[in-house]
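The block underneath contains the structure these notes are about, expressed in structure tokens.
The values are calculated or read from the model by the stated rules, or taken from the named source; none is laboratory data. Worth saying up front: this structure is predicted, and the values here are computed from it rather than measured. All Cβ positions, even for glycine, are placed from backbone atoms using ideal geometry, and neighbour counts span all protein chains on display. Calculation scope for accessible area: heavy atoms of the full protein, side chains included, ligands and nucleic acids excluded. Shrake-Rupley method; radii C 1.70, N 1.55, O 1.52, S 1.80 Å.
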Amino acid sequence: MKILSLFSVVRGYNIPVIVLAQYLSSIFILAPEKRALDVLLDWRLFIIVFVSTLTIASGYIINNFYDSEKDLINRPNKSMLDRLVSQKTKLQVYFGLNFLATALAYIISWRAALFFAVYIFLIWFYSHKLKKFPIIGNLTASLLAVLPFFGILLYFKNFYHVIFAHATFLFLLILIREMIKDLENIKGDIANDYQTIPVRFGEKISKQLITVLTISTVIPVFILIDRFDVGYMDIYFYISLIVLIFFILKLWKSQTQNEYVQLHIILKSLIVAGVFCIVLIDPSVLLNGRTVLKI
């Protein structure tokens, strides 16, 4: 049960998706000129991806550590499972993961070690301080979510405009999701003096901001479809816009925590679907890979 509890704390179910997202992004977006097999067999990239997953897992731990009282109100069932592991053990695992991550990153270079050391610090600073403040907390959380991909971008040193268009769309989706989480967790935030947007300015203002951000996703989608060759992934973007229209309509009808949870699930599903749909940029890569495996 304690192993299951720790798995819940580090959100182990998210880790495979994060790894897949980093590798698919590397093959199809960040380094499209490289052969897919060369990317997969790149041991330096493997270490960077592994280090980023360790850092993200440790981030979930420190976030859980500081949010334990709030989660007891917002997510009582998950919180009871998470509490099977003591706060002391959580901190021990947290420091262990961070030490291992920094040490492995140093194998790549001192710059990689510095990048992840700063990333670890920013996650701690966000969990300890920034997340309690409106707007800046949401922006920081969204930035931290996409930062590992920029770590891989710096490794490949391919600064294509299309990469930033993809990153902008992902950043907006994550930012909207963070703001929905604030609506979802409003009771716990009020009880623990978290000055989030719905707590500070009200649910109506929060919904207006979410609506504006949702509409603004049209900009990176238009740029990606009109200016760049995204292959069959344009199907995903068109479907995403339809889903986001439904999302806005449902947002203004939502009032209860369960309804906000449903909106959260819609956004999370859209993000996860986006990860798998990256292969639609060039499906022939998969077909060629299948041929190589047969040989």
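The figures follow:
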quantity	calculated
Residue in the range 81-99 that is in a helix (DSSP H, G or I), among the aromatic types (Phe, Trp, Tyr) and either open to solvent by 20 Å² or more (accessible area, probe 1.4 Å) or not assigned by the TED database to the domain that holds residue 4 (or both) present	yes
Residue in the range 217-224 that is touching a Pro at 6+ places or on another chain (Cβ under 8 Å) and loosely packed, with under 14 Cβ neighbours inside 10 Å present	no
Only listed residue being part of a loop (DSSP other than H, G, I, E, B) and either open to solvent by 30 Å² or more (accessible area, probe 1.4 Å) or touching a residue at least 24 places away in the same chain (Cβ under 8 Å) (or both), chosen from 23, 13	13
Which listed residue is among the hydroxyl-bearing types (Ser, Thr, Tyr) and either touching a Gly at 6+ places or on another chain (Cβ under 6 Å) or within 23 Å of residue 189 (Cβ to Cβ) (or both), from 106, 155, 66, 119	66
Any hit, the range 48-62, residues being part of a loop (DSSP other than H, G, I, E, B) and surrounded by fewer than 17 Cβ atoms within 10 Å (Cβ to Cβ)	no
Test: residue 42 is of a type in the set (D, E, K, R) and modelled with pLDDT under 85	no
Residues of the range 164-196 classified as aliphatic (A, V, I, L, M), touching a Phe, Trp or Tyr at 6+ places or on another chain (Cβ under 9 Å) and surrounded by fewer than 18 Cβ atoms within 10 Å (Cβ to Cβ), total	1
Per-region count, the range 230-280, residues in a loop (DSSP other than H, G, I, E, B) and open to solvent by 40 Å² or more (accessible area, probe 1.4 Å)	3
Every pair of residues 6+ apart whose Cβ atoms lie under 9 Å, when the first sits in the range 239-252 and is in contact (Cβ under 8 Å) with a residue 24 or more places away in the chain while the second is open to solvent by 90 Å² or more (accessible area, probe 1.4 Å) and assigned to a helix (DSSP H, G or I)	244/215; 248/215
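Residue-by-condition table, conditions (1) under 15 Å from residue 133 (Cα atoms); (2) of a type in the set (Ser, Thr, Tyr); (3) not assigned by the TED database to the domain that holds residue 71:
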{"position": "165", "(1), (2), (3)": "no, no, yes"}
{"position": "184", "(1), (2), (3)": "no, no, yes"}
{"position": "191", "(1), (2), (3)": "yes, no, yes"}
{"position": "196", "(1), (2), (3)": "yes, yes, yes"}
{"position": "200", "(1), (2), (3)": "yes, no, yes"}
{"position": "206", "(1), (2), (3)": "yes, yes, yes"}
